[in-house]
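For reference, the structure discussed in these notes is given below.
Read the figures in this text as sums done on the coordinates, not as results from a lab. Values in this document were obtained by computation on a predicted structure and should not be read as measured data. Ideal geometry is used to build each Cβ from the backbone, glycine not excepted, and the neighbour counts take in all protein chains shown.
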Amino acid sequence: MKLGYMAVDQYGETYHLGDEPPRKALLKRFGRQHTQKVYRDVGDTAQHVGYIIAGLWLTVYEVHLWKS
């Protein structure tokens, strides 16, 4: 069960974004209109992992309910 999204910047600060799409939520939170995508190399391909907004490198995570 997906609970929403969160982002972590390069300094370890966390941002809880709720259910709203993460790009939209981050732009609203920082009062910006533009962003750059961040990619991570995974083998021969690049995987989209977050955004650069207002000088912060934000890695986005999808948060799920933990069941043991």
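Please tell me the relative contact order of the stretch 2-64 in percent, rounded to the nearest whole number, where contacts are Cα pairs under 8 Å and at least six residues apart.
39
In whole Å, what are the extents of the chain along the principal axes defined by its C-alpha atoms, from largest to smallest?
38, 34, 21
List the residues, sorted by chain then number, that are 5 or more residues from Trp57 or on another chain and whose placed amide H is less than 5 Å from its amide H.
It is Gln10, by chain and number.
What lysines could a cross-link reach from Lys24, if we take a straight Cα to Cα line under 25 Å and drop same-chain neighbours fewer than 8 places away?
Lys2, Lys37
Specify which residue in the list Ala25, Thr45, Gly12 is farthest towards the positive end of the charge dipole of the chain, using unit charges on the beta carbon of Lys, Arg (+1) and Asp, Glu (-1), about the Cα centre.
Going by the Cα projections, it comes out as Ala25.
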